[in-house]
Amino acid sequence: MVSRVEAGHRAQGSRHREEETDHGGPPARGSARSSVPYTLRVSRRTATFVIFLLAVLPALLALRSRSFFSPDETSYAQVAREMIETHDFVVPTIDGKPWLEKPPLVYWLLAGAFALLGWGFPAAVLLNALLTAGTALVIAAHVRRSASPRAALLAAAAYLTMFLPLAAARSALTDPALTLFTTAAIALFLAEGWPAALGSGALLGLGVLAKGPVAPLVVVPALLAAAAVRRDAAGWRRLAAALAAAAAVALPWHLLLASRGLWPEFSAVFFGRQVVSRVVDVWGFRAPWWIYLPALWLAVFPWGTHLAHALRGEWRRIADGRFRDVTPVAEAAAVLIPLIAFSLAVNKLPHYMLPLTPWLAVWLGRAADDLLDHPRTDRFASATAWAAALIGAGALALLAVLSRTSQVGRFVPAATLWALLAAAVAIAAACLIEARGARRAAWVSLALLGLAGRAFLDVSFLPALDRQTLERPLASAVREYLPAGGLPLAHRWWRASFVAYGVRGWTRTETPDQLAAALASGAGRGRPALVLVRGDSEGEARAAAWSLGGQAREVARVSGLGEIDGKILEGIIFLVDTHRDAARVFYDADQPLPGEDGFSTTEGNAWTPTFRWSVALSSRLLLPARPPGEAVLRLQAWGRPHAGNQQRLSLMLNDCSLGTITLGKFPEVYGVRVPSGCFHQAPQELVFEADHLDVPRESDPASADTRELAFALDWLALDPASAKTLTPR
């Protein structure tokens, strides 16, 4: 049963379609729309071609803009490459080992793109640009059913100039595929009929194969809302048919995976860690529940403030239909239910919003179409335009400041500041023009601003960040230093880029015991080990080699951007020798060092079981090594602030002052250069001069030491300065 309001919308859409000729001519004089000051003169075929070009052509700028970003893009790309090599399209693998972080559909799509165009970022960009174009075409077709061709084209154009869809189209992520299938599933179900219901379910099944439960979270509320509003048995039967079709499409791969004995692992990795853990645990990005409200504004930039028009228009459609109009109620459910679910989850990432943006574009297209028919004196439109000018310019100015003050500010191109300020001026000017009533000129300016901003990212910003990532230079060093027949070990660092850009055959370890066992196994088989380790875990690699009677010889170190979210990482490569030389030393502060002075016994506080505390302003260690030339002294330490002052520590080796370091409240690794002239015959005397002692440790009832403390030492290493310090370029 179709409501009167919905029937009215469809009749209106039919009139608009009748007015549209095959040659794109205007309606005849005296028609229902003859009084409208502007009529879109474009055929459906031409509109489709325009939408396709608007989606694909801007993406061409991104083809050579960067490489795959770690960790996600490199993982997906490597899985797809290994599928092509092994012809196994059931079990995703990285380095020959099952990698079950995601369902396989996007790997299949990437594999097809790589097979046609070759492995690399350009093939992935073209794939996601085509998927984004498909979503825009679905939007236009959906809007055309109940509104004018002009509204359909405006909705598609809004989607293709929004920031988040543009960003996703220039990536190798799973979200563009998910968004296409979820949008098409809802739009097709609303078209009514049993074929449409079965097709909708098939698309939902493809969405499940793209990103698992996220697809039903977006689609099923809309389908339920549509069936509930219709209030007839046929609607519920169509819903059941759609869900059955979804299961028929999604289940076969899961059953094939189970036949390989990998279902328990997939359940634990994908459902356990990727789904449930993201909802209840903090291991990604945590933010307050309301963060997606400003995130949506940024996701649909430069149209964020214009959502006020869209929301007002959709509420009127729902209220005028007394909640009996199927289409607007289903669209609202497709946005609100997932938005609430994402907001309640502990971890929040901005790209989760992508499947919601097509429906925001639908609403924006309808609202824009209505505004073009309204007189220029629409007060709400003028107020919204003024708000858009203030909010847009203010937000871009704030981003300009953050771009220079954040931890990745040193990696951001200098032109970014000026580009953001110029965009702030441009959006303010466009919105003020809109406030004066020149809506078409303002909207064209805003659309061009969105495209220009994305072009700046493709041409300047992302290439600069790509040059500062550490994956490729570190992978190059791995290839350079891995001995023939060597054993590559990745300790607490498993990023697929080191397979995609480096070598294969990695052994992964997560604990010191696992690392020690892997080193012992490699030594027993006569395989020299190369250890790749994160900077915050290098002490574990050094200690594991030392405890086995060998030594970890640092050969390369690189610091840079490790992933697109801006985290700065340090990677270190060690070659492990099975015997020690007299040129280097490693001291693990778990046990006293012979000849030491000024340190406590092993600290009894359970929070710091591996640290030794100095208990004198001046303390010393005797290091039984003599590097042949210039050396590097590295230590992991931390200090307790006293009277508001951070702990400062002066270092002296023999008679040479090595300078002063400021210790943080948490353990960090500090590196100090040691000139060759500072060395005597072994042992070397290392003296620590602290600038204050903290209160007696007896103030902490968990401590076994009652003396006053200066600083805490975890480990210390003295190495010849022969390692490469690599700089991403």
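The values are calculated or read from the model by the stated rules, or taken from the named source; none is laboratory data. The structure displayed is predicted, hence computed values, not measured ones. Here the Cβ positions follow ideal geometry from the backbone for every residue, glycine too, while neighbour counts run over all protein chains shown.
Being assigned to a strand (DSSP E or B) and among the aliphatic types (A, V, I, L, M) is the filter; apply it to the range 633-651 and report the residue that is farthest from the chain's Cα centre (by Cα). Outline the logic, then answer.
Filtering the range 633-651 for residues assigned to a strand (DSSP E or B) gives 633-639, 642, 645, 648-651.
Then drop every residue that is not among the aliphatic types (A, V, I, L, M), which leaves 633, 635, 637, 649, 651.
Details: Leu633: 36, Leu635: 32, Ala637: 32, Leu649: 38, Leu651: 41 Å.
That would be Leu651.
Condition check ((1) crowded, with 24+ Cβ neighbours inside 10 Å; (2) among the small types (Gly, Ala, Ser)) across all residues:
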residue: Ile84; (1), (2): no, no
residue: Pro98; (1), (2): no, no
residue: Pro122; (1), (2): no, no
residue: Gly134; (1), (2): no, yes
residue: Ala152; (1), (2): yes, yes
residue: Ala155; (1), (2): yes, yes
residue: Ala169; (1), (2): yes, yes
residue: Leu178; (1), (2): yes, no
residue: Glu192; (1), (2): no, no
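With the checklist (1) among the small types (Gly, Ala, Ser); (2) farther than 25 Å from Thr327 by Cβ; (3) out of contact with any Gly (no Cβ under 9 Å at 6 or more places or on another chain) in hand, flag the one item Ala222 doesn't pass.
Tallying (1) among the small types (Gly, Ala, Ser); (2) farther than 25 Å from Thr327 by Cβ; (3) out of contact with any Gly (no Cβ under 9 Å at 6 or more places or on another chain), Ala222 fails exactly one: (2).
Quick grid of which residues meet (1) of a type in the set (Gly, Ala, Ser); (2) touching a strand residue (DSSP E or B) at 6+ places or on another chain (Cβ under 8 Å); (3) not assigned by TED's automatic domain parsing to the domain that holds Pro512:
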{"residue": "Ala464", "(1), (2), (3)": "yes, no, yes"}
{"residue": "Ala475", "(1), (2), (3)": "yes, no, no"}
{"residue": "Arg479", "(1), (2), (3)": "no, no, no"}
{"residue": "Ala484", "(1), (2), (3)": "yes, no, no"}
{"residue": "Leu487", "(1), (2), (3)": "no, yes, no"}
{"residue": "Ala490", "(1), (2), (3)": "yes, yes, no"}
{"residue": "Trp494", "(1), (2), (3)": "no, yes, no"}
{"residue": "Val499", "(1), (2), (3)": "no, yes, no"}
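Could you check, for the range 139-159, whether at least one of its residues is within 23 Å of the chain's Cα centre (by Cα), closer than 22 Å to Thr305 by Cβ and touching a residue at least 24 places away in the same chain (Cβ under 8 Å)? Reasoning before the result, please.
Restricting attention to the range 139-159, the residues satisfying the condition of being within 23 Å of the chain's Cα centre (by Cα) are 159.
In the following step, the residues that additionally are closer than 22 Å to Thr305 by Cβ were identified as 159.
Filter again for touching a residue at least 24 places away in the same chain (Cβ under 8 Å), leaving 159.
Yes - at least one qualifying residue is present in the range 139-159.
Tell me which residues, restricted to the range 204-247, are outside any helix (DSSP H, G or I) and over 19 Å from Leu131 (Cβ atoms).
Quick first cut of the range 204-247, residues outside any helix (DSSP H, G or I) only: 212-213, 231-232.
Once the filter is applied, which keeps residues that are outside any helix (DSSP H, G or I) and over 19 Å from Leu131 (Cβ atoms), the range 204-247 yields Pro213, Arg231, Asp232.
Which condition number does Ala250 fail, the rest of (1) outside any helix (DSSP H, G or I); (2) surrounded by 16 or more Cβ atoms within 10 Å (Cβ to Cβ) being met?
Of the numbered conditions (1) outside any helix (DSSP H, G or I); (2) surrounded by 16 or more Cβ atoms within 10 Å (Cβ to Cβ), the odd one out for Ala250 is (1).
Scan the helices (runs of 4 or more DSSP H) fully inside the range 421-485 and keep the ones with 2 or more residues being over 22 Å from Val401 (Cα atoms) and modelled with pLDDT under 95.
Working: elements: 439-456, 462-467, 471-481.
In the range 421-485, 439-456, 471-481 are the helices (runs of 4 or more DSSP H) which contain 2 or more residues that are over 22 Å from Val401 (Cα atoms) and modelled with pLDDT under 95.
Do you know which of the residues in the range 492-539 that are among the polar types (S, T, N, Q) and in contact with a Lys or Arg (Cβ under 9 Å, 6 or more places away or on another chain) is modelled with the lowest pLDDT? Give the derivation first.
Start the filter on the range 492-539 by keeping residues that are among the polar types (S, T, N, Q), which leaves 497, 507, 509, 511, 514, 521, 537.
Restricting the remaining residues to those that are in contact with a Lys or Arg (Cβ under 9 Å, 6 or more places away or on another chain) gives 497, 509, 511, 514, 521, 537.
Values: Ser497: 76, Thr509: 94, Thr511: 94, Gln514: 96, Ser521: 95, Ser537: 92.
The residue in question is Ser497.
Somewhere in the range 97-105, is a residue on the phi < 0 side of the Ramachandran plot and either part of a helix (DSSP H, G or I) or among the aromatic types (Phe, Trp, Tyr) (or both)?
Of all residues in the range 97-105, those on the phi < 0 side of the Ramachandran plot come to 97-105.
Still in the list and also either part of a helix (DSSP H, G or I) or among the aromatic types (Phe, Trp, Tyr) (or both): 99, 105.
Checked against the condition, which is being on the phi < 0 side of the Ramachandran plot and either part of a helix (DSSP H, G or I) or among the aromatic types (Phe, Trp, Tyr) (or both), the range 97-105 yields at least one hit.
Only one of these is buried (at least 18 other Cβ atoms within 10 Å of the Cβ), at negative phi, among the hydroxyl-bearing types (Ser, Thr, Tyr) and at pLDDT 90 or above: Ser619, Ser676. Name it. Show your work before the answer.
Values: Ser676 fails: buried (at least 18 other Cβ atoms within 10 Å of the Cβ).
One residue alone meets the criteria, Ser619.
Does the range 272-283 include one or more residues that are surrounded by 15 or more Cβ atoms within 10 Å (Cβ to Cβ), touching a helix residue (DSSP H, G or I) at 6+ places or on another chain (Cβ under 7 Å) and within 19 Å of Pro213 (Cα to Cα)?
No, the conditions are met nowhere in the range 272-283.
Kindly state which strands (runs of 3 or more DSSP E) lie completely within the range 486-587 and contain at least 3 residues that are crowded, with 18+ Cβ neighbours inside 10 Å. First the steps, then the outcome.
Working: elements: 487-491, 507-509, 529-534, 551-561, 568-577.
In the range 486-587, 487-491, 529-534, 551-561, 568-577 are the strands (runs of 3 or more DSSP E) which contain 3 or more residues that are crowded, with 18+ Cβ neighbours inside 10 Å.
Has the range 55-72 got at least one residue that is farther than 17 Å from Leu457 by Cα, within 21 Å of the chain's Cα centre (by Cα) and not polar (S, T, N, Q)?
Initial filter on the range 55-72 (farther than 17 Å from Leu457 by Cα): 70-72.
Applying the additional criterion that residues be within 21 Å of the chain's Cα centre (by Cα) yields 70-72.
Still in the running and not polar (S, T, N, Q): 71-72.
The answer is yes; a qualifying residue exists.
Return the residues of the range 652-686 that are part of a loop (DSSP other than H, G, I, E, B) and of a type outside the set (Phe, Trp, Tyr); say none if nothing qualifies. If you could, list the steps in order and put the result at the bottom.
Looking only at the range 652-686, we keep the residues that are part of a loop (DSSP other than H, G, I, E, B), and these are 654-655, 663-667, 675, 679-683.
The answer is Asn654, Asp655, Leu663, Gly664, Lys665, Pro667, Pro675, His680, Gln681, Ala682, Pro683.
Output the qualifying pairs, or none if there are none: Cβ atoms under 8 angstrom, residues six or more apart or on different chains, first residue in the range 657-677 and in contact (Cβ under 8 Å) with a residue 60 or more places away in the chain, second residue part of a helix (DSSP H, G or I) and surrounded by 12 or more Cβ atoms within 10 Å (Cβ to Cβ).
As it stands, the answer is Val669/Gly535; Val669/Asp536; Val669/Glu538; Val669/Gly539, since those pairs meet every condition given.
Could you tell me whether the range 355-371 includes any residue that is in a helix (DSSP H, G or I) and among the polar types (S, T, N, Q)? First the steps, then the outcome.
Just the residues of the range 355-371 that are in a helix (DSSP H, G or I), to begin with: 355-371.
So of that shortlist, the ones also among the polar types (S, T, N, Q) come out as 357.
Yes, the range 355-371 contains at least one residue that is in a helix (DSSP H, G or I) and among the polar types (S, T, N, Q).
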